[in-house]
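*Asks:* Can you read through this structure? Questions will come right after.
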Amino acid sequence: MKYKFKNHIFNDTIEIPQNYKTIILLSHFAISRQKGNLVEFLKLLKQNNYSPSKQYEVLLQIYLFGGFPVSLESLKIFNEISPLKRKVSTNTHNENLIADGKRNCYKVYGKNTQKLISNVEAFSPELAEWLISEGYGKVFSRSGLSFLEREIVAITSLSYLQFSEQLFSHINGAFRNGLSIDALSKMIMYIAGINNTKRGNFIIQVFESFKLRKGLTK
């Protein structure tokens, strides 16, 4: 099966779960600001009864990578196609966000968690705090997407933006949280395939570095 959009035809024969492909494409169209393809894909998801709540969570999480303007525009389009009645968020000032954030950060960085926090604190104490409370606390602790699904949003976004260190970390996070190296390899190839050649090569290079670091090369 192939997804055909205004600017691309994406080969959909790579064997990863359809849910993952959906999250990847939705994240990609939002972060790359492909408005026409985003509209078309959201309409397709509505026709196929794909969970509106999941769509909402993907587009909300994108603000961590693309900024508020990207999420605002993407969610505005989503609301025009699949309006949801949303309750006012109650977790924005939850005192447990720091604890939740540290726990989620550990899922990605493991024993290097404190080193990461200390490194960021060295040049911005505020960002170090927000990394935990905002990113891994407020966002990654939300229901609606599994932790692994949120890692897929992160990997797709960072692949497009070409941030190698953060992409490496979230590839590692997906691996640490249950995605086999074979499944991860297929997912990386799919993400590389929906990007242009330069980005595709970048993504594969980061993944090869990850495998080398982990001793997973054959």
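*Asks:* Have a look at S133, S180, S209, S185 and point out the one that is without any contact (Cβ under 8 Å) to a residue 60 or more places away in the chain and not assigned by TED's automatic domain parsing to the domain that holds Y56.
*Replies:* S133
*Asks:* Residues that are under 19 Å from N19 (Cα atoms) and touching a helix residue (DSSP H, G or I) at 6+ places or on another chain (Cβ under 7 Å): does region 128-142 have at least one?
*Replies:* Our first condition is that a residue be under 19 Å from N19 (Cα atoms); within region 128-142, this holds for 140, 142.
So of that shortlist, the ones also touching a helix residue (DSSP H, G or I) at 6+ places or on another chain (Cβ under 7 Å) come out as 140, 142.
Yes - at least one qualifying residue is present in region 128-142.
*Asks:* Also, I was wondering about something else. Looking at region 144-164, which of its residues are in contact with a helix residue (DSSP H, G or I) (Cβ under 9 Å, 6 or more places away or on another chain) and surrounded by fewer than 22 Cβ atoms within 10 Å (Cβ to Cβ)?
*Replies:* G144, F147, L148, E149, L161, Q162, F163, S164
*Asks:* Follow-up. Go through (1) assigned by TED's automatic domain parsing to the domain that holds N37; (2) in contact with an Asp or Glu (Cβ under 8 Å, 6 or more places away or on another chain); (3) not hydroxyl-bearing (S, T, Y) for L167 and report which single condition fails.
*Replies:* So L167 meets the others, but not (2).
*Asks:* Identify the residue in region 93-108 that is surrounded by 10 or more Cβ atoms within 10 Å (Cβ to Cβ) and part of a loop (DSSP other than H, G, I, E, B) and, among all such residues, is modelled with the highest pLDDT.
*Replies:* N96
The values are calculated or read from the model by the stated rules, or taken from the named source; none is laboratory data. None of the values given here were measured: they were computed from a predicted structure. Glycine also receives a Cβ, built like all others from the backbone with ideal geometry; neighbour counts cover every protein chain displayed.
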